[in-house]
Amino acid sequence: MTRHGELGTALHRWRDRIAPAEAGLPAGGPRETPGLRHEELARLTGLSVDYLVRLEEGRATSPSVQVLGSLARALRLSEDERRHLFLLAGQSPPGLGRVPETVPPTVRRLLGRLTGTPVGVHDAAWNLIAWNPLWAALLGNPSVLPGRDRNAAWQHFRGLPTRITQTEEQEARFEAALVADLRAATLHYPTDVRLRFLIGELRRVSGRFAGLWNSRIAGFHDTGVRTVHHPDVGPLTLDCDTLAVPGCDLRISAYSAPPGSAAADRLELLDVIGTGPMPDRAPDPAWDPAQDPPPAGAHDSASGFDPAAAPVDR
């Protein structure tokens, strides 16, 4: 559904901030308000003045992709503003190609500084693309896993071995959030073949995933409690927070424990011990490395995250 009032307010605000000279138009004499008049925006977009007025007043309810593209160009919107415009109008933002797999320098610095907190970074498709040493020590070294087994959705819905246990309620919330994230990713990156193949395979091998996908379930990530069963230090009951990184569709997952708790003491011990051995298991036979190579920037060292070796923005 179009968020009519918000769309009109945003269009008015964006129109007001552009001077005619910036758009290559003559000033046209004294002006009561800054920015472009409806007549000037109509000239730039090829739309009628009446239609622009109805859009701003919320009386035009279904602007097309072509109309929104014309408005975005004429109003000189940034990429984030352009995406916001499409969402306000009830349209999926145009495809942005493949799911980004790069880790911005700010996130790399964060990983390097959070030495006492297990932190992992996932892309929009929930591929694990970076982590710090304590993440590997807590959950097992991801560098020994084939590419698809580093995907949180694939790992969960295939029932692959994991050190984490959750209650049924926690698991249901986690599954709903994962499926909602993957659906959003297909809207943002409709031409990503790897993403489409992942979802197709999940629907084929997991009836649970297929049912949730077909239900169009909505979900979000909240702070949850996870129990991690570590082979050396025993069980750790930890809080898990998932944070979104604006502008690059990354998810940062961080585990923490209350100061002074048994779990906090065991995390400190893991920080000293380092990476423990992963449970023995064969690679997933359904994974085809020719079709699904490990994601760019994935960690390939057994020692943990190396900020200097992380992928940089392209």
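The values are calculated or read from the model by the stated rules, or taken from the named source; none is laboratory data. Everything numeric here is computed off the predicted structure, so don't read it as measured data. Backbone-built Cβ (ideal geometry, glycine too); neighbour counts: all protein chains shown. Protein only, heavy atoms only, side chains kept; ligands, DNA and RNA dropped before computing areas. Shrake-Rupley method; radii C 1.70, N 1.55, O 1.52, S 1.80 Å.
Some notes on this structure:
- Matching entry among LEU178, LEU138, LEU128, LEU182 (being buried (at least 20 other Cβ atoms within 10 Å of the Cβ), touching a residue at least 60 places away in the same chain (Cβ under 8 Å), in a helix (DSSP H, G or I) and not charged (D, E, K, R)): LEU138
- A single member of THR2, THR9, THR33, THR45 is closer than 18 Å to LEU88 by Cβ, of a type in the set (Ser, Thr, Tyr) and either modelled with pLDDT under 80 or out of contact with any helix residue (DSSP H, G or I) (no Cβ under 9 Å at 6 or more places or on another chain) (or both), and it is THR2.
- Those residues of segment 257-272 which are out of contact with any Ser or Thr (no Cβ under 7 Å at 6 or more places or on another chain), part of a helix (DSSP H, G or I) and open to solvent by less than 30 Å² (accessible area, probe 1.4 Å), in sequence order: ALA264, LEU267, LEU270
- Within segment 54-96, restricting attention to residues that are under 23 Å from ARG17 (Cβ atoms) and hydroxyl-bearing (Ser, Thr, Tyr), the residue that is surrounded by the fewest Cβ atoms within 10 Å (Cβ to Cβ) is SER78.
- From VAL144, VAL193, residue being open to solvent by 40 Å² or more (accessible area, probe 1.4 Å), among the β-branched types (Val, Ile, Thr) and under 25 Å from PRO246 (Cα atoms): VAL193
- Failed item, numbered, when LEU198 is tested on (1) touching a strand residue (DSSP E or B) at 6+ places or on another chain (Cβ under 9 Å); (2) closer than 22 Å to GLU169 by Cβ; (3) modelled with pLDDT of 95 or more: (2)
- Residues in segment 19-53 that are assigned to a helix (DSSP H, G or I), open to solvent by less than 70 Å² (accessible area, probe 1.4 Å) and among the aliphatic types (A, V, I, L, M): ALA23, LEU41, ALA42, LEU44, VAL49, LEU52, VAL53.
- Which listed residue is open to solvent by less than 50 Å² (accessible area, probe 1.4 Å), closer than 30 Å to HIS230 by Cβ and part of a loop (DSSP other than H, G, I, E, B), from VAL99, VAL103, VAL121, VAL107: VAL103
- From LEU187, LEU198, residue being touching a residue at least 40 places away in the same chain (Cβ under 8 Å), of a type outside the set (Asp, Glu), open to solvent by 50 Å² or more (accessible area, probe 1.4 Å) and under 26 Å from PRO104 (Cβ atoms): LEU187
- Among the criteria (1) in contact with a Cys (Cβ under 8 Å, 6 or more places away or on another chain); (2) surrounded by 15 or more Cβ atoms within 10 Å (Cβ to Cβ), the one THR223 does not fulfil is (2).
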